[in-house]
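Asks: Just passing along the structure, written as structure tokens.
The values are calculated or read from the model by the stated rules, or taken from the named source; none is laboratory data. Just so you know, these numbers come straight off a predicted model, no measurement behind them. Don't worry about glycine lacking a Cβ; one is built from the backbone with ideal geometry, like all the others, and counts go over all protein chains shown. Just the protein is used for accessible areas: all its heavy atoms, side chains included, with ligands, DNA and RNA removed. Shrake-Rupley method; radii C 1.70, N 1.55, O 1.52, S 1.80 Å.
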Amino acid sequence: MSGEGEKQAAAAAAEAEIPLGPDGKPLSKNALKKLEKQKRAAELKAKKAEERAAREAKQKAVGGAKDKKQKSAEDDDPVDPNEYFEARCKSMAKLQRQGQHPYPHKFHVTISVPEFQTRYAHVKAGERESDEKVSLAGRLLRKAAGGAGLVFYHLRGDGESVQVFADAKVYAGGQEAFDQVNNLLRRGDVVGVEGFPMRTRRGELSIVPERLELLSPCLHMLPTPREGLQNVETRFRQRYLDLIANHEQVRSTFVTRAKVVSGVRRFLDNMGFLEVETPMMNMIAGGATAKPFITTHNSLDMQLYMRVAPELYLKQLVVGGLERVYEIGRQFRNEGIDPTHNPEFTTCEFYMAYADYNDLMNMTERMLSNLVKEVTGSYQIKYHPKGPDSPPVEIDFTPPWNRISLVRGLEERAGFKIPENLESEETRLFLLEQCKKLEIEVELPHTTYRLLDGLVGEVIEPECINPTFITDHPQLMSPLAKWHRSAPGLTERFELFVNGRELCNAYTELNDPHVQRERFGEQAAQKAAGDDEAQLIDETFCRSLEYGLPPTAGWGLGVDRFCMLLSDHTSIKEVLLFPAMKPIVNTQSSTDGESAVPASAST
């Protein structure tokens, strides 16, 4: 650019108020952005300095030198999460240089917080039991200065809380040690407390410490107790932080889950069932119609499938004489993620010799209705299907439950008659036409199985609010179920639906090895036609049937979905401690405490 051109550009920039660089030329867009960022940072720093100065001036005006000694050390803590982290790390490094370790190996606990609450519930307001020396530990959730020589903490351990009434007058190390430890401790720290019980004049049971010890510092700034942790992504990715910030709600959910699992186990144990474990990796993905995860065994140079169901192994055990077996464990299906589906999930499957699907419907009613009453206190529960702010629906688990035959129920509700030969091309085209009329979208390939499943999902399942058995599925939908003894083309199978969602699947087991091979062959043909959820021929299982599988009934429960109902959650992620999440790539820590996840940490 000529000298005259540069002068004109500079003049235009001045008129447009665009800053000039050291060379007198207008700054580029990138340089302008950098300059604006520097200005904002400087303004923020100045604002923080003003706020700090205002706090200090206020404290000086209120208390003078005496109150300065009682000033909360948190008042000088940075408000930016990253700066807070750096400040706490420096504080811990300084502590170590002074010969103290913020991560001791052991703290002797003589009583838990719940036991403390129970044992000293008799202490009356204003009373101290100075002769009772106890030590407990937990996480600090709140901290507040209470005047000269007093600091109050809210400490939580084992799901319950207690107040720590820190009084300099009774602290073993005197005022200096009292000030030192209380200036060190922050919300979130794990702390050991040695002292005696008391109840304040206001009636709050407390422990008065003679010694406080930092057991593990919380280096990050916690969400405030009032707001909690609201960001759903952060809650699921950092479940430990969710448990700290939203402890009561989250703990309650997983206590309910534990009660469900132990209740199912107790019911089956009492009926003489044997709990077993079967392989997680299989050469053939069988036992359910689902798309599997694929893995590789390096030493054997073999492709393996993560199990989609334990069914075929469990039935082999029945062949071997273990006549009542069950397994509670994880299954893996390489399918979509939505509010009711997670790639890995928990089921309970059991197999019972000399029983049929009628017996299992009665067992299901007894087991689940009793569990609902045991966990919630009633057969009736209130569930919010569209979230906590939506109107609830009441679900009544009182037995007996409604039963709907699948084909007949579909015909009655949809107002059409399905051709008799369910496996004919005529039937497939008829069902495809009905799906189009009802505007039901079905994934390709449009097999009769998928079309029927789509129709049932639209016509019957939504009305199943209270527990309802949908029974007698067509053979083409149930390759492992035994044919119906009185209805040709159907099987002795049921699915349990509650609030429109499947909870259980069960049937009288197919035990004829020749028919089983035929069914597997039909499934293999469907897979060859493009249905990646169809099953392959499992010759090992068919061979086991040749040794004789007794008349047997098998049953499966989706544990996660049942827990969703009893804990009133609409997302399966809420009842899984560590649900599957997409990885975060190249992000920095955010203000809600969520840390970056490396690109390799795929979930």
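Asks: Taking amide H positions as placed 1.01 Å from N in the peptide plane, with prolines and chain starts having none, which residues 5 or more places from SER405, or on another chain, fall under 5 Å of its amide H?
Replies: Under 5 Å from the amide H of SER405: THR471.
Asks: Can you tell me the relative contact order of the chain? Whole percent, Cα pairs under 8 Å, sequence separation 6 or more.
Replies: For the chain, the relative contact order is 11 percent.
Asks: Given H placed 1.01 Å from N in the peptide plane, which residues other than close sequence neighbours of GLN380 have an amide H under 5 Å from its amide H?
Replies: Here PHE397 satisfy the definition.
Asks: Okay, next question. Please compute the contact order of the range 233-324 in relative form: average sequence separation of alpha-carbon pairs under 8 Å and at least six residues apart, divided by the residue count, as a percent.
Replies: Relative contact order for the range 233-324 comes out at 21 percent.
Asks: Please give the peptides 511-521, 546-556, 117-127 ranked by average Cβ packing (other Cβ atoms within 10 Å per residue), highest first, as a rough proxy for protection.
Replies: Going from most to least packed, we get 546-556, 511-521, 117-127.
Asks: Right, next: When Rg/Rh (Cα atoms, Kirkwood Rh) is calculated directly from the model, which label among [x] 1.14; [y] 1.10; [z] 1.04 fits?
Replies: Step by step, Rg/Rh (Cα atoms, Kirkwood Rh) for this structure corresponds to label [y].
Asks: Calculate the spin-label point distance for LYS437 paired with GLU522, positioning each point 7 Å from the Cα along the beta-carbon direction, and give it in nanometres.
Replies: 2.5 nm
Asks: Something else now. Give the shape of the range 483-528 as rounded, prolate or oblate, defined through the alpha-carbon gyration tensor: a ≥ b ≥ c are the square roots of its eigenvalues, a/c under 1.5 means rounded, and otherwise the shape is prolate if a/b is larger than b/c and oblate if not.
Replies: Note, shape of the range 483-528 comes out oblate.
Asks: Leaving out ligands and nucleic acids, note down the accessible area per residue over the chain with a 1.4 angstrom probe, in whole Å².
Replies: 53 Å²
Asks: On to the next question. Taking the simple approach of a point 7 Å from Cα along Cα-to-Cβ for both HIS247 and ALA54, what is their distance in nm?
Replies: Distance between the two pseudo-spin positions: 3.3 nm.
Asks: Here's a follow-up. Calculate the spin-label point distance for ALA41 paired with TYR354, positioning each point 7 Å from the Cα along the beta-carbon direction, and give it in nanometres.
Replies: Inter-label distance under the simple model: 7.9 nm.
Asks: Can you tell me the relative contact order of the range 289-354? Whole percent, Cα pairs under 8 Å, sequence separation 6 or more.
Replies: It comes to 32 percent, rounded to a whole number.
Asks: Please list 3J(HN,Hα) in residue order for the range 33-38, calculated via the Karplus relation 6.51 cos²θ - 1.76 cosθ + 1.60 where θ = phi - 60°; whole Hz, with x for glycine and proline.
Replies: Each residue of the range 33-38 in turn: 4, 5, 5, 5, 4, 5 Hz.
Asks: Related question: Once the Cβ-Cβ distance between LYS124 and ALA172 is put in as r, and R0 is 22 Å, what FRET efficiency do you end up with, to the nearest 0.05?
Replies: 0.30
Asks: Which percent of the accessible heavy-atom area of the chain goes to carbon and sulfur, probe 1.4 angstrom?
Replies: Values: 16250 of 31850 Å².
C and S fraction of accessible area: 51 percent.
Asks: How do 376-386, 321-331 rank on mean C-beta neighbours within 10 Å, highest first? Let's see the in-between values first.
Replies: Working: 376-386: 14.4, 321-331: 18.0.
Final packing ranking: 321-331, 376-386.
Asks: Relative to the present Cα-Cα distance, how much length would full extension add between GLU275 and HIS220 at 0.36 nm per residue of separation?
Replies: Details: separation 55, 0.36 × 55 = 19.80 nm, distance 4.31 nm.
Taking 0.36 nm per residue and subtracting the Cα distance, the gain is 15.5 nm.
Asks: Would you kindly give the portion of the calculated P(r) for the range 409-487 that falls above 21 Å, as a percent of all Cα pairs?
Replies: Value for the range 409-487: 28 percent of Cα pairs lie more than 21 Å apart.
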